[in-house]
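Okay, structure first, notes after.
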Amino acid sequence: MKRGALPTRLTLIVVAALVLFATSLPALAQSCALCYTQAASAGARMIQALRSGILILIVPPTLMSIGMIFIVYRKRNRFRETAGTAESDAIWNRASFSNSATTPWPPPAQ
């Protein structure tokens, strides 16, 4: 992968997500006859309760998703650390592929 491909791909994903969220999608739950009848005949307290219920059902999953994204973002380089690469390079240098048929694996300790 080219060095400049990642920011371009990330930008494309962000733009696609913004377009997806900006366009209005049909609200399929509004076709429920019982929900529509109950909401239409409800008073001000019932409408407020419906709004509160919607917030209660939306806010916790949203906060959990944001929290998971934050944790993954903070831990993204945990397995990319360079610790131990000198040791693995030394093992690969000792066990050359040109004489791999005659070299015992693992290499003898020195």
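Before moving on, here are some points about what is shown:
- Within segment 55-94, tally of residues that are at pLDDT below 85 and assigned to a helix (DSSP H, G or I): 13
- The residues of segment 3-23 that are exposed (fewer than 10 other Cβ atoms within 10 Å of the Cβ) and at pLDDT below 70, listed by number, are R3, G4, A5.
The values are calculated or read from the model by the stated rules, or taken from the named source; none is laboratory data. Predicted, not measured: the structure shown is a model, and the values here were computed from it. In this analysis, Cβ positions are derived from the backbone assuming ideal geometry, glycine residues included, and neighbour counts consider all displayed protein chains.
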